[in-house]
Structures are given as C-alpha cells and as structure tokens.
Amino acid sequence: MSDADAFEQDYESIRADRDGGVATVTIDRPDDRNALNATVRSELKAALAAIEASDVRVIVLTGSEECNAFVAGADVTELRDRDLLEQREASARPRVYEVVDELATPVIAAVNGHALGGGLELAMACDVRIAKRGGKLGQPEINLGIIPGGGGTQRLPRLVGEGQAMRLILSGELIDAEEAGEIGLVEQVCEPDGFDDRVAELAGRIAGKSPLALEFAKESVRAASRTSLDEGIDYEAQLFVQLFATEDKNEGIDAFFEDRPPEWQGR
C-alpha cells in the first residue's frame, strides 16, 4: 500500500486523514463504542504500516466522537466465541499493540472519551496520551474472569507504578481522566472545548522537528524502561553520536545561528 493509499483507502472501521506532517487515524465504530474487533485491528495495522512508510512525522490515534469513547474495550462477543486455540492464534504477535509501540513515528493517543480494556492498552502503547475531561479509563477484564491480554499488566505498572496497577487490574475499577492525570496514566487532561486544539498544537510542534531526531529520541526514551541505566546511557550516546553524520544536525545548528526556521531533509 502506498502513502496515498493509506489516506484514500475505503476502510470499514477506521478513517485515515492527513494534514501536512500529521496523520490522524480514527477508529470509527460508533454503534459499538469503537470496540476493537478483528477488522479494526487488521485495518489499523495496515494503515499504520503505510503511514510509517510515508513522510508523516507524527500520528494521532483517536476514536470517533459520536459515542463518547476512544475505545471502550475489546469486542466481548468475539472473546466469548473463542476457545483456547483460537485465542492463542489471535494473541500471536505482532498484535496491534506491538505495531503501535514499535512505530518509529511518534504516536499521540487523543483519548477523547472512555478508554477501557483493550482501548486503554492501545492508548498505553502510544508515546503520549492527552485525555479529554469526562472520560473513564481502566482495565475491567477481571470482571469477565480474565486478565488484560494486550500488554496491560506490563505497560500499566511502568506508567503508574506497581501498586496503582494492582489496584486497577485486580479490582477492575474505572477512574476518571483527572485521576488518570494525577497518577501518570495520561500526560495531560484538557477541557472538552480545548482538547482538539491542544492535540493539534502538540502534534504540530512534534511534526516541526527533524524526523531523524524524532526517531532517535523516541527510541532512546523507550530504552529507559527496557534496559538498565548504564545500558540506556550507552545506547543514548550511540544514537546521539549517529546524528552527527546527518545533514539535519548541521541544518538545525545553522538555523539556530542564523535565527531562522530549520528546513529538515530527513537525512
């Protein structure tokens, strides 16, 4: 699929749009509260792969607004109908959570409503989470006799600490966006009338940076929670040094001295 196809494709359950260096991917199943089913997962993976291959510099992942949900969870009907072998196949990696997490392009989760179960796991796989006040977030899988299966038991403790993760996962308790901000589950909570502007402002600010520096910065920050401190510092130094072989490094410094906006080339 080409870059153009990513934005012209007639998807069944998502929409992909572009504004300059920012791509917005919207999960669009309002009748089902944007629940993640097999079609959504497949279409997200295809669209994100095509966008990653383009010159887009930041991706915004969000849900259609008609149902007040970012993603209200997995499609429970699918879960009920699966046996062990079918679920093992469905859980084979890479799933959509790993696809989002492993993108070189920065991803903002615009959490414009409830983010529950697989929806919260999808948001946690993104790099930054901006939430609209009024939404609920949580991992209620325990209420169904199961546990989070899309990375929730691993990413949640890394964001909020083991104790808070235990509270949310073991109780199935939902929290509001304000509390999610207080415990570090989301980076910022916005009033409804300022939410879209803040997401666009942040996306635009990120999209204005060197694509190579963005990729390396994201990779280095991710290493912080996946390696020891010494290994992470060594890795950061390696990535830092590699950028000195790029034209963007020279352009950025020249633009600084000349007091002008840089013209990034991505090389």
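When you look at LEU243, is it in contact with a Ser or Thr (Cβ under 9 Å, 6 or more places away or on another chain) and among the aliphatic types (A, V, I, L, M), yes or no?
yes
Any residue in the range 45-65 that is over 12 Å from VAL22 (Cβ atoms) sitting within a Cβ distance under 6 Å of a residue that is among the small types (Gly, Ala, Ser) and assigned to a helix (DSSP H, G or I)? List the pairs, counting only those 6 or more apart or interchain.
Sorted first by the residue in the range 45-65, then by its partner, the pairs are ALA47/ALA6; ALA50/ALA6.
Condition (residue is of a type in the set (A, V, I, L, M) and modelled with pLDDT under 90) applied to the range 41-51: is it met by at least one residue?
No, the range 41-51 contains no residue that is of a type in the set (A, V, I, L, M) and modelled with pLDDT under 90.
Matching residues to (1) buried (at least 20 other Cβ atoms within 10 Å of the Cβ); (2) more than 15 Å from the chain's Cα centre (by Cα):
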{"position": "GLU43", "(1), (2)": "yes, yes"}
{"position": "ALA49", "(1), (2)": "no, no"}
{"position": "ASP55", "(1), (2)": "no, yes"}
{"position": "ALA69", "(1), (2)": "yes, yes"}
{"position": "ALA72", "(1), (2)": "yes, yes"}
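Kindly provide the set of residues from the range 2-17 that are farther than 17 Å from VAL111 by Cβ, crowded, with 16+ Cβ neighbours inside 10 Å and in contact with a helix residue (DSSP H, G or I) (Cβ under 6 Å, 6 or more places away or on another chain), ordered by number.
Passing the criteria: ALA6, TYR11, SER13, ALA16.
So if I check each of PHE70, PHE7, which one is within 17 Å of CYS126 (Cα to Cα), of a type in the set (Phe, Trp, Tyr) and assigned by TED's automatic domain parsing to the domain that holds LEU122?
PHE70
Going by the structure shown, is ALA109 among the small types (Gly, Ala, Ser) and more than 10 Å from the chain's Cα centre (by Cα)?
Considered against the rule, which asks whether it is among the small types (Gly, Ala, Ser) and more than 10 Å from the chain's Cα centre (by Cα), ALA109 comes out as no.
On the given criteria, is THR105 at pLDDT 95 or above, under 13 Å from LEU122 (Cβ atoms) and among the β-branched types (Val, Ile, Thr)?
Against the criterion (at pLDDT 95 or above, under 13 Å from LEU122 (Cβ atoms) and among the β-branched types (Val, Ile, Thr)), THR105 does not qualify.
Residues checked against (1) under 20 Å from the mean Cα position of the chain (by Cα); (2) modelled with pLDDT of 95 or more:
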{"position": "GLY150", "(1), (2)": "yes, no"}
{"position": "ARG155", "(1), (2)": "yes, yes"}
{"position": "ARG167", "(1), (2)": "no, yes"}
{"position": "SER171", "(1), (2)": "no, yes"}
{"position": "ILE175", "(1), (2)": "yes, yes"}
{"position": "CYS190", "(1), (2)": "yes, yes"}
{"position": "PRO211", "(1), (2)": "yes, no"}
{"position": "ARG226", "(1), (2)": "yes, no"}
{"position": "LYS249", "(1), (2)": "no, no"}
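Is at least one residue of the range 219-237 crowded, with 17+ Cβ neighbours inside 10 Å and touching a residue at least 40 places away in the same chain (Cβ under 8 Å)?
The answer is no; no qualifying residue exists.
Kindly check whether there is at least one residue in the range 213-229 that is farther than 21 Å from VAL100 by Cα and of a type in the set (Lys, Arg).
The answer is no, given that none of the residues of the range 213-229 is farther than 21 Å from VAL100 by Cα and of a type in the set (Lys, Arg).
Please determine whether any residue of the range 77-91 is within 29 Å of ALA217 (Cα to Cα), in contact with a helix residue (DSSP H, G or I) (Cβ under 8 Å, 6 or more places away or on another chain) and surrounded by 14 or more Cβ atoms within 10 Å (Cβ to Cβ).
No, because not a single residue in the range 77-91 is within 29 Å of ALA217 (Cα to Cα), in contact with a helix residue (DSSP H, G or I) (Cβ under 8 Å, 6 or more places away or on another chain) and surrounded by 14 or more Cβ atoms within 10 Å (Cβ to Cβ).
Please give the helices (runs of 4 or more DSSP H) falling wholly within the range 73-127 in which 3 or more residues are in the same structural domain as ASP197 (by TED's automatic domain parsing) and among the charged types (D, E, K, R).
Ranges flagged: 76-81, 84-90.
Inspect all residues belonging to the range 131-151 and state whether any of them is more than 24 Å from ALA223 (Cβ to Cβ), of a type in the set (Asp, Glu) and without any contact (Cβ under 8 Å) to a residue 12 or more places away in the chain.
No, every residue in the range 131-151 fails to be more than 24 Å from ALA223 (Cβ to Cβ), of a type in the set (Asp, Glu) and without any contact (Cβ under 8 Å) to a residue 12 or more places away in the chain.
Could you check ALA47 against (1) under 18 Å from GLY117 (Cβ atoms); (2) in a helix (DSSP H, G or I) and say which number it fails?
That leaves (1) as the condition not met.
What are the residues in the range 162-190 that are more than 19 Å from ILE147 (Cα to Cα), of a type outside the set (D, E, K, R) and touching a helix residue (DSSP H, G or I) at 6+ places or on another chain (Cβ under 9 Å), if any?
Of everything in the range 162-190, those that are more than 19 Å from ILE147 (Cα to Cα), of a type outside the set (D, E, K, R) and touching a helix residue (DSSP H, G or I) at 6+ places or on another chain (Cβ under 9 Å) turn out to be ALA180, ILE183, GLY184, VAL186, GLN188, VAL189, CYS190.
The values are calculated or read from the model by the stated rules, or taken from the named source; none is laboratory data. Here the structure is a predicted model, which means the values were calculated and not measured. Cβ coordinates were reconstructed from backbone atoms using ideal geometry, including for glycine residues, and neighbour counts include every protein chain displayed.
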